[in-house]
Ligand code: F0G
């Protein structure tokens, strides 16, 4: 049996690493590509729909692909500390990989707008966590300035190595599917991941590994849709806190990815997100966080609008695990019922 070695070793030829790069890995990547038959039935049976379940990465989100690169390269240049702003997942991943590398992590998250699981991860891995009384965009501005003036390496996706690592998601999809899909659907927050996937598909195409290129389709939450609305959103709002971003760092490249690939950007409301969130959990048995459900909500909306050619193969990146955000899950599920420790009372509740 061949053991998975993490994305740097598996895709070394496509990544800016050398013999001198100290590889810091948690054996990220190799996430399952899960068919979604019920979703296909409920929408259009002639579509092939697959879910790239990135929540099954070591820290529970796709960020680990970029972080193995960012931390390895930081270590190569002798860095002893890293810093990032985050809506939660980047901070969890940075904290874990920094711990693995034996260096410090400083993370800044928006107060009151970060899911519980993510906050607990950053803390337990030993990061210094600062909660800013403001939003993600403000936190990012601050950490960028700090990294310019102090001996700490910025590991947000403005660090070019992050996107290099994240593009391996596209390589894996092609390897698992045996081709590139017709459409790739993905949630958009700071806009790094859609940029990285498009880069990955193009590189694989150029290397002759696939013959096709997908159309890149991005989804933003309706209350946090700067790219869709073509303006900075000063006070973004959405239940999907991971993508609650009003001024994405990779705005330009993401727009280019959608244009070059003949894709598009659309919005989904919080109501649509939560409906898709429950649907995915109940109908497919897959528990992903609300930002990931934005993609499923987008799928449903786009199919209703007849935007996909029939018979197409669609990939949806589900970016983060549902356990990241237990509060939203509990609010979205039916309440547990308390019962006395007596079989009759239990049977009465079960209707058996
Ligand atoms: N989905 C999840 C679960 C995320 O955590 C993020 C981004 C996105 C989607 C959007 O990806 O930013 O590349 O467009 N989370 C960042 C963070 C901002 O700080 O964890 P993007």
**Q.** Structure-based [θ]222 nm, the chain - -39500 (n - 2.57) summed over DSSP H runs of at least 4, per residue, nearest 500
**A.** -12500 deg cm²/dmol
Q. What spacing in nm lies between the two simple spin-label points modelled at residue 124 and residue 323, each 7 Å away from Cα in the Cβ direction?
A. 0.8 nm
Q | Shape of segment 214-290, Cα gyration tensor, a/c cut at 1.5 | A | oblate
Q: Please work out whether segment 1-78 counts as rounded, prolate or oblate from its C-alpha gyration tensor, where a ≥ b ≥ c are the square roots of the eigenvalues and a/c under 1.5 means rounded, while otherwise a/b larger than b/c means prolate and anything else oblate?
A: prolate
Q: Can you bin segment 1-148 into rounded, prolate or oblate? Criterion: square roots of the alpha carbon gyration tensor eigenvalues sorted a ≥ b ≥ c, rounded for a/c under 1.5, prolate for a/b above b/c, oblate for the rest.
A: oblate
Q) On the first, second and third principal axes, largest extent first, how far apart are the outermost C-alpha atoms of segment 255-352 in Å? A) 64, 28, 20
Q) Roughly what % of DSSP beta bridges within the chain run antiparallel, to the nearest 5? A) 15 percent
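Stretched out fully, how many nm does the piece from residue 81 to residue 138 gain, at 0.36 nm a residue minus the Cα gap?
Full extension from residue 81 to residue 138 adds 18.4 nm.
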Q: Could you bin all the Cα-Cα distances of the chain into 10 Å bins starting at 0 and give me the percent of pairs in each, rounded to whole numbers?
A: 6, 26, 35, 23, 8, 3, 1
Q) PRE reach from residue 304 (point 7 Å along Cα→Cβ): which of segment 225-266 fall under 16 Å by backbone N? A) 266
(Q) Report the gain in length on full extension from residue 283 to residue 342: 0.36 nm times residue separation, minus Cα-Cα distance, nm rounded to one decimal. (A) 18.0 nm
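Neighbour counts of other C-beta atoms within 10 Å: give me 150, 205, 125 arranged from fewest to most.
Exposure proxy ranking, most exposed first: 150, 205, 125.
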Q: May I ask you to derive the FRET efficiency for residue 350 and residue 264 from their Cβ-Cβ distance with R0 = 45 Å, giving the value to the nearest 0.05?
A: 0.45
Q) Looking only at 21, 269, 319, which one moves most when the chain is put into a Gaussian network model with springs between Cα atoms under 10 Å? A) 21
Q) What is the spin-label model distance, in nm, from residue 9 to residue 33 if the labels are put 7 Å beyond Cα along the C-beta direction? A) 2.3 nm
Q | Rg in Å to one decimal, and Dmax rounded to a whole Å, for segment 93-234 via C-alpha atoms | A | 17.4, 49
Q: Could you list 161, 219 in order of exposure, starting from the residue whose Cβ has the fewest other Cβ atoms within 10 Å?
A: 161, 219
Q.
For a quick check: sort 51, 116 by the number of other beta carbons within 10 angstrom, fewest at the front.
A. 116, 51
Q. Tell me, what is the percent relative contact order of the chain, built from C-alpha pairs under 8 Å that lie six or more residues apart?
A. 19 percent
Q: Mind ranking 28-36, 181-189 by how tightly packed they are, going by the mean number of other C-beta atoms within 10 angstrom, highest first?
A: 181-189, 28-36
Q | segment 77-139 - Rg over Rh from alpha carbon coordinates, Kirkwood radius | A | 0.97
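FYI, it's all coordinate maths here, none of it is from the lab. Everything quoted here is computed from the prediction, not taken from an experiment. All Cβ positions, glycine included, derive from the backbone under ideal geometry; neighbour counts span all protein chains shown.
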